[in-house]
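Asker: Quick one: this structure, given as structure tokens, is what I'll be asking you about.
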2 protein chains.
Amino acid sequence: MITPITGFSKLKKEEKIDWLLKTYLKDSPASENILKQYWNKNDTVQQLHEEFTENTLSNFYLPFGIAPNFLINGKLMAIPMATEESSVIAAASKAAKFWQNRGGFKVNVLNTTKNGQVHFIYIGDHDKLNDFFKITKPALLNSVSEITKNMRKRGGGVLDIELVDKTDLVDGYFQLHCTFETKDSMGANFINSCLEKFADTLKVEVNNYQEFNEEEKQLEVIMSILSNYVPECMVKVEVACPVSELYDDNHISHEAFAEKFLTAIKIAEVEPYRAVTHNKGIMNGIDAVVLATGNDFRAVEAGIHAYACKDGSYSSLTHASVENGVFKFWMEIPLALGTVGGLTNLHPLVKVALEILQKPSARELMEIVAVAGLAQNFAAVKSLVTNGIQQGHMKMHLMNILNSQNASPDEKEELLHYFKKHTVTHSSVAEQLERIRN
Amino acid sequence: MITPITGFSKLKKEEKIDWLLKTYLKDSPASENILKQYWNKNDTVQQLHEEFTENTLSNFYLPFGIAPNFLINGKLMAIPMATEESSVIAAASKAAKFWQNRGGFKVNVLNTTKNGQVHFIYIGDHDKLNDFFKITKPALLNSVSEITKNMRKRGGGVLDIELVDKTDLVDGYFQLHCTFETKDSMGANFINSCLEKFADTLKVEVNNYQEFNEEEKQLEVIMSILSNYVPECMVKVEVACPVSELYDDNHISHEAFAEKFLTAIKIAEVEPYRAVTHNKGIMNGIDAVVLATGNDFRAVEAGIHAYACKDGSYSSLTHASVENGVFKFWMEIPLALGTVGGLTNLHPLVKVALEILQKPSARELMEIVAVAGLAQNFAAVKSLVTNGIQQGHMKMHLMNILNSQNASPDEKEELLHYFKKHTVTHSSVAEQLERIRN
């Protein structure tokens, strides 16, 4: 019988592991060594990583690698990626190499405005609220001057506060819709601190406003929080080349490849079942760079997928065209990223990733991340419309199965050869291993 | 002048790092030691992780921890999480503790059907295609019998193939919409292998079908790929308790808390700016378990966010009600997960995570992941409508800033105390540190 534990977070790491071992891992005594196997050999490094979050017992490894040969706005770069998914870095590298010979990636940031809201309920006269807001806006802005001091030095700060009437959605629902420029920081803490201060100031000022009656003074702040939906923090990336310089091989001509590629994109634009997986492939590239550079991939995922359905139906983020014999492939996505603050200052490998990228500004990082997304999608759609996705996947998959079966180097070589012509499944690999072992 | 590199993937890890050092890290010689600092002390373990993907140079750490005290369908569990975001595990643990005393989480899997499509273009007589499909369906199903052999033994396999006319979307666009049961595996490789085989068989059979004229025989398969949109692979989770047992403190009554919570949910249901961040918070919990159990968070993210906008507008995934004095909070989400295959067999810490969860089936893992998502959202909304999100965040944020400034234990203690009453910003912490150091 397992009983609840109190004060778990106050225990030392070793005590937490002991509790886990005797509570949930009685049949798995090896788990203790595995958890400890992943501790860093250096205690200071280990402790640093433990303090990133709560109840840390060990370090979960994601492979950290690079995809070289990315020509981005004329600069040749190697992009660091953290991903557990096989083929992602290989696909990125292939797409990079291909476009490096064809003018590379052209990318630019369209805008960098972030936003957040104070959501509140106000039951009363709307004109009075509008008047109150006009009079009170300077006090709201002024109330965060201490919080924004440093950000203003760096050229950022609060851009504007608007009062938005949302009473058509929920009775009495209004927002202070606030916009921010956060320069090289992602800005979540900055924005939330500002918003909570706006909310406090709002409550005080409402109470002091003589025109409001008692009911109107009951204005209630529901919550104050940044939005991860950032359609005014956009980046656009594209590649282009003559159709005659596109892929061809024995199976498909340049023209047929271009046409098939365009059809695949058109399908992803109109068919949600396909669009979801299509965009998932884009995120394979994006998240790998977002993670490696210490940014928050849940924030990026949420913002991008919501943008993908902004017109009412979930749709492809990438688009393609052929005009006058020129193939063009592009994407516009919202991206809120930082290169200072948060993990970027703390995680040593994040620092290395940013060094590899030549210490980018947040704008430059937006560009690099967008490039990784477009490259990944190009590689995926190219595979899909030519050899199929499984050929590349299966080679990595096969290697992983062989490892899980402790195959020797000789066995690996023989079976890599064998499975060039046979379908890889767990059971077929097991069978073949047994065959050559007997 | 940086020049492109060829054959990079063929280099040894040390050679890759050497190239990186002399190409991009000339001004950052310490990077070499940092990359190596994160190698596992055990060469075999290190090599294992390097083979997960391509061009691996090091291991990117995510904290691996647990949130205990989750009462799920009457069973008390500790949930393993891998996340870099502070407060996620703490919030999960708090929500777990709260609901553990109030009946816990009730969760059940609604269905487990996965799907994929062969997308093709057919210009010709639709009736002929329908006839062809009816006649050919058994041959399609039969053609994958070798691939599905093992899956069928485990009770899974291909459920059905439908011909879907999508010509209203794109000229000549049809699908083989295929459904699958993949039991305890996520099934991506299995599904894609089946689909590519269906596509091959389709091409052969089309060519052999005497009724088709030459144009109709030009049927062209564009691509064959699983969908990460899985609205028939759903799990539902809920918590409930009398309003009188909800939170209260000096600032807010049970009833006022319930009402405010419901308003916050209603806002997230109707306002996309809020819904995106609301759901992002759910994903903080979900992805942490998805990662720790070796599943693919990009697939889960894409499927869930697309589901959040299925009705034409991006909306909250969670819902709440109060009826007859009972507060109820619930969520239905699509989740395609595996507990066998892929990383689950390979990553030693993933094996430990699954041991901690008592070796769950894929269905059980769906339940656990959904619970983590609902718990996270409960904790976030609770904070938002009471103390605000920053109070909890800022404590962790402060600790991270203090670490980045190499604060001593004494300095940490003093400033943790100081910042209980002052706003945390990078500059304010730096100022206070300077104050006490002088």
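Asker: Only one of these is among the basic types (Lys, Arg), assigned by TED's automatic domain parsing to the domain that holds A:GLY294, more than 19 Å from the chain's Cα centre (by Cα) and part of a strand (DSSP E or B): A:LYS94, A:LYS106. Name it.
Answerer: Details: A:LYS94 fails: part of a strand (DSSP E or B).
Residue meeting the stated conditions: A:LYS106.
Asker: Specify the residue that is farthest from the other protein chains (Cβ to nearest Cβ); the eligible residues are those in segment A:202-218 that are open to solvent by 20 Å² or more (accessible area, probe 1.4 Å), assigned to a helix (DSSP H, G or I) and in contact (Cβ under 8 Å) with a residue 24 or more places away in the chain.
Answerer: Going through segment A:202-218, the residues open to solvent by 20 Å² or more (accessible area, probe 1.4 Å) turn out to be A:203-205, A:207-211, A:213-215, A:217-218.
The next check asks that each one be assigned to a helix (DSSP H, G or I); those that pass are A:203-205, A:207-208, A:217-218.
Of the ones still in play, those that are also in contact (Cβ under 8 Å) with a residue 24 or more places away in the chain are A:205, A:218.
Details: A:GLU205: 18, A:GLN218: 12 Å.
The residue in question is A:GLU205.
Asker: I'm trying to understand the selection: among the residues of segment A:78-104, which are more than 7 Å from every other protein chain (Cβ to nearest Cβ) and either aromatic (Phe, Trp, Tyr) or surrounded by fewer than 24 Cβ atoms within 10 Å (Cβ to Cβ) (or both)? Lay out the reasoning, then the answer.
Answerer: Step one: filter segment A:78-104 for residues more than 7 Å from every other protein chain (Cβ to nearest Cβ), giving A:79-81, A:87, A:91-92, A:94-99, A:101-104.
Listed by number, the residues that qualify are A:SER87, A:LYS94, A:LYS97, A:PHE98, A:TRP99, A:ASN101, A:ARG102, A:GLY103, A:GLY104.
Asker: Working only within segment B:264-274, note down all residues that are under 11 Å from A:HIS119 (Cβ atoms), in contact with a strand residue (DSSP E or B) (Cβ under 6 Å, 6 or more places away or on another chain) and in contact (Cβ under 8 Å) with a residue 40 or more places away in the chain.
Answerer: B:ALA264
Asker: For segment B:172-193, what are the residues that are closer than 24 Å to A:LYS421 by Cβ and either more than 12 Å from chain A (Cβ to nearest Cβ) or open to solvent by 20 Å² or more (accessible area, probe 1.4 Å) (or both)?
Answerer: B:ALA188, B:ASN189, B:PHE190 - these are the residues of segment B:172-193 that are closer than 24 Å to A:LYS421 by Cβ and either more than 12 Å from chain A (Cβ to nearest Cβ) or open to solvent by 20 Å² or more (accessible area, probe 1.4 Å) (or both).
Asker: If you don't mind, another one. Anything in segment B:19-49 that is under 14 Å from A:LEU357 (Cα atoms) and part of a helix (DSSP H, G or I)? List them, or say none. First the steps, then the outcome.
Answerer: Kept after step one, since they are under 14 Å from A:LEU357 (Cα atoms), are these residues of segment B:19-49: B:20-28, B:31.
B:LEU20, B:LEU21, B:LYS22, B:THR23, B:SER31, listed by residue number.
Asker: So for segment B:105-116 (the condition being aromatic (Phe, Trp, Tyr) and within 12 Å of chain A (Cβ to nearest Cβ)), does at least one residue qualify? Lay out the reasoning, then the answer.
Answerer: Residues of segment B:105-116 that are aromatic (Phe, Trp, Tyr), as a first pass: B:105.
Narrowing further to those that are within 12 Å of chain A (Cβ to nearest Cβ): none.
Within segment B:105-116, not a single residue is aromatic (Phe, Trp, Tyr) and within 12 Å of chain A (Cβ to nearest Cβ).
Asker: Next question, about the same structure. Consider B:PHE64 against the criteria (1) closer than 19 Å to B:GLU355 by Cα; (2) out of contact with any Ser or Thr (no Cβ under 7 Å at 6 or more places or on another chain); (3) crowded, with 23+ Cβ neighbours inside 10 Å: it satisfies all of them except one. Which criterion is unmet?
Answerer: Only one criterion is unmet by B:PHE64, namely (2).
Asker: Of these, A:VAL369, A:VAL350, A:VAL424, which one is in the same structural domain as A:GLY104 (by TED's automatic domain parsing), without any contact (Cβ under 8 Å) to a residue 60 or more places away in the chain, buried (at least 16 other Cβ atoms within 10 Å of the Cβ) and not acidic (Asp, Glu)? Explain how you work it out, then say what you get.
Answerer: Numbers: A:VAL369 fails: without any contact (Cβ under 8 Å) to a residue 60 or more places away in the chain; A:VAL424 fails: in the same structural domain as A:GLY104 (by TED's automatic domain parsing).
After applying the criteria, what remains is A:VAL350.
Asker: Condition test on B:GLY341, is it more than 24 Å from A:GLY116 (Cα to Cα), in the same structural domain as B:GLU355 (by TED's automatic domain parsing) and modelled with pLDDT of 95 or more? Outline the logic, then answer.
Answerer: On the way: more than 24 Å from A:GLY116 (Cα to Cα): yes; in the same structural domain as B:GLU355 (by TED's automatic domain parsing): yes; modelled with pLDDT of 95 or more: no.
Criteria not met by B:GLY341.
Asker: Next question. I'm trying to understand the selection: among the residues of segment A:214-249, which are farther than 30 Å from A:VAL369 by Cβ, in the same structural domain as A:PRO334 (by TED's automatic domain parsing) and touching a His at 6+ places or on another chain (Cβ under 7 Å)?
Answerer: Initially, segment A:214-249 is screened for residues farther than 30 Å from A:VAL369 by Cβ, giving A:214-222, A:244, A:248-249.
Of the ones still in play, those that are also in the same structural domain as A:PRO334 (by TED's automatic domain parsing) are A:244, A:248-249.
Hits for segment A:214-249 are A:SER244, A:ASP248.
Asker: Collect the residues in segment A:298-335 that are aliphatic (A, V, I, L, M) and open to solvent by 20 Å² or more (accessible area, probe 1.4 Å), keeping them in residue-number order.
Answerer: Looking only at segment A:298-335, we keep the residues that are aliphatic (A, V, I, L, M), and these are A:299-300, A:302, A:304, A:306, A:308, A:317, A:320, A:322, A:326, A:331, A:333, A:335.
Those that are aliphatic (A, V, I, L, M) and open to solvent by 20 Å² or more (accessible area, probe 1.4 Å): A:ALA320, A:VAL322, A:VAL326.
Asker: Output the residue which, of all residues in segment A:382-421 that are charged (D, E, K, R) and modelled with pLDDT under 80, is least open to solvent (accessible area, probe 1.4 Å).
Answerer: Filtering segment A:382-421 for residues charged (D, E, K, R) gives A:382, A:395, A:410-414, A:420-421.
Still in the list and also modelled with pLDDT under 80: A:395, A:421.
Values: A:LYS395: 141, A:LYS421: 181 Å².
Checking each candidate, the answer is A:LYS395.
Asker: Please note which helices (runs of 4 or more DSSP H) are completely contained in segment B:323-438 and include at least 2 residues that are of a type in the set (A, V, I, L, M, F, W, C) and at the interface with chain A (Cβ under 10 Å from one of its Cβ atoms). If you could, list the steps in order and put the result at the bottom.
Answerer: Numbers: elements: B:348-356, B:362-385, B:390-404, B:409-418, B:426-437.
Where helices (runs of 4 or more DSSP H) fall fully within segment B:323-438 and carry at least 2 residues being of a type in the set (A, V, I, L, M, F, W, C) and at the interface with chain A (Cβ under 10 Å from one of its Cβ atoms), they are B:348-356, B:362-385, B:390-404.
Asker: Is it the case, given these coordinates, that A:GLY124 is under 30 Å from A:GLU245 (Cβ atoms), part of a loop (DSSP other than H, G, I, E, B) and either in the same structural domain as A:MET366 (by TED's automatic domain parsing) or more than 26 Å from the chain's Cα centre (by Cα) (or both)? Before you say what the answer is, go through the steps one by one.
Answerer: Values: under 30 Å from A:GLU245 (Cβ atoms): no; part of a loop (DSSP other than H, G, I, E, B): yes; either in the same structural domain as A:MET366 (by TED's automatic domain parsing) or more than 26 Å from the chain's Cα centre (by Cα) (or both): yes.
Judged against the criteria, A:GLY124 is not a match.
Asker: Return yes or no: is B:ASN55 surrounded by fewer than 21 Cβ atoms within 10 Å (Cβ to Cβ) and either among the polar types (S, T, N, Q) or without any contact (Cβ under 8 Å) to a residue 24 or more places away in the chain (or both)?
Answerer: On the way: surrounded by fewer than 21 Cβ atoms within 10 Å (Cβ to Cβ): no; either among the polar types (S, T, N, Q) or without any contact (Cβ under 8 Å) to a residue 24 or more places away in the chain (or both): yes.
No.
Asker: Next question, about the same structure. Looking at A:VAL221, A:VAL230 in this structure, which one is within 30 Å of A:LYS134 (Cα to Cα) and either hydroxyl-bearing (Ser, Thr, Tyr) or open to solvent by less than 10 Å² (accessible area, probe 1.4 Å) (or both)? It would help to see each step written out before you state the result.
Answerer: Details: A:VAL221 fails: either hydroxyl-bearing (Ser, Thr, Tyr) or open to solvent by less than 10 Å² (accessible area, probe 1.4 Å) (or both).
Sole residue among the options that is within 30 Å of A:LYS134 (Cα to Cα) and either hydroxyl-bearing (Ser, Thr, Tyr) or open to solvent by less than 10 Å² (accessible area, probe 1.4 Å) (or both): A:VAL230.
Asker: Let me ask you something else. Test B:VAL170 against the stated conditions and say whether it is among the aliphatic types (A, V, I, L, M) and part of a loop (DSSP other than H, G, I, E, B).
Answerer: Judged against the criteria, B:VAL170 is a match.
Asker: What is the number of the single condition among (1) under 23 Å from the mean Cα position of the chain (by Cα); (2) among the β-branched types (Val, Ile, Thr); (3) at pLDDT 95 or above; (4) under 30 Å from A:GLY104 (Cβ atoms) that B:ILE5 does not meet?
Answerer: (1)
Asker: Report yes if B:SER86 is in contact with a helix residue (DSSP H, G or I) (Cβ under 6 Å, 6 or more places away or on another chain) and at pLDDT below 95, otherwise no. I'd like the intermediate steps shown before the answer.
Answerer: On the way: in contact with a helix residue (DSSP H, G or I) (Cβ under 6 Å, 6 or more places away or on another chain): yes; at pLDDT below 95: yes.
Against the criterion (in contact with a helix residue (DSSP H, G or I) (Cβ under 6 Å, 6 or more places away or on another chain) and at pLDDT below 95), B:SER86 qualifies.
Asker: Anything in segment A:257-307 that is more than 26 Å from A:TYR247 (Cβ to Cβ), more than 8 Å from chain B (Cβ to nearest Cβ) and in a helix (DSSP H, G or I)? List them, or say none.
Answerer: Those that are more than 26 Å from A:TYR247 (Cβ to Cβ), more than 8 Å from chain B (Cβ to nearest Cβ) and in a helix (DSSP H, G or I): A:VAL290, A:VAL300, A:ILE304, A:TYR307.
Asker: Okay, moving on. Can you confirm whether segment B:12-29 contains a residue that is buried (at least 19 other Cβ atoms within 10 Å of the Cβ), among the hydroxyl-bearing types (Ser, Thr, Tyr) and facing chain A (nearest Cβ under 7 Å)?
Answerer: Within segment B:12-29 (the criterion being buried (at least 19 other Cβ atoms within 10 Å of the Cβ), among the hydroxyl-bearing types (Ser, Thr, Tyr) and facing chain A (nearest Cβ under 7 Å)), the answer is yes, since at least one residue qualifies.
Asker: With respect to the numbered conditions (1) within 21 Å of A:MET283 (Cα to Cα); (2) in contact with a Pro (Cβ under 9 Å, 6 or more places away or on another chain); (3) open to solvent by 10 Å² or more (accessible area, probe 1.4 Å), which one is the sole condition not fulfilled by B:THR277?
Answerer: (2)
Asker: Would you mind stating whether B:SER253 is within 14 Å of chain A (Cβ to nearest Cβ) and open to solvent by 10 Å² or more (accessible area, probe 1.4 Å)?
Answerer: Values: within 14 Å of chain A (Cβ to nearest Cβ): yes; open to solvent by 10 Å² or more (accessible area, probe 1.4 Å): yes.
In short, yes.
Asker: For A:GLU211, all conditions in the list (1) within 35 Å of the chain's Cα centre (by Cα); (2) not assigned by TED's automatic domain parsing to the domain that holds A:ARG102 hold save one; what is the number of the exception?
Answerer: Every condition holds for A:GLU211 apart from (1).
Asker: For A:ILE34, are the conditions met, namely being within 7 Å of another protein chain (Cβ to nearest Cβ) and either touching a His at 6+ places or on another chain (Cβ under 6 Å) or among the hydrophobic types (A, V, I, L, M, F, W, C) (or both)?
Answerer: Against the criterion (within 7 Å of another protein chain (Cβ to nearest Cβ) and either touching a His at 6+ places or on another chain (Cβ under 6 Å) or among the hydrophobic types (A, V, I, L, M, F, W, C) (or both)), A:ILE34 qualifies.
Asker: Here is a further query. Looking only at segment B:320-347, which residues are without any contact (Cβ under 8 Å) to a residue 24 or more places away in the chain and within 19 Å of the chain's Cα centre (by Cα)?
Answerer: As a first pass, look at segment B:320-347 and keep what is without any contact (Cβ under 8 Å) to a residue 24 or more places away in the chain: B:323-324, B:345.
Of everything in segment B:320-347, just one residue is without any contact (Cβ under 8 Å) to a residue 24 or more places away in the chain and within 19 Å of the chain's Cα centre (by Cα), namely B:ASN345.
The values are calculated or read from the model by the stated rules, or taken from the named source; none is laboratory data. Since the model is a prediction, treat every value here as computed from it, not as a measurement. Glycine gets a Cβ as well: all are built from the backbone with ideal geometry, and neighbour counts include every protein chain shown. Just so you know, the surface numbers come from the protein's heavy atoms only, side chains and all, with ligands and any DNA or RNA stripped out. Shrake-Rupley method; radii C 1.70, N 1.55, O 1.52, S 1.80 Å.
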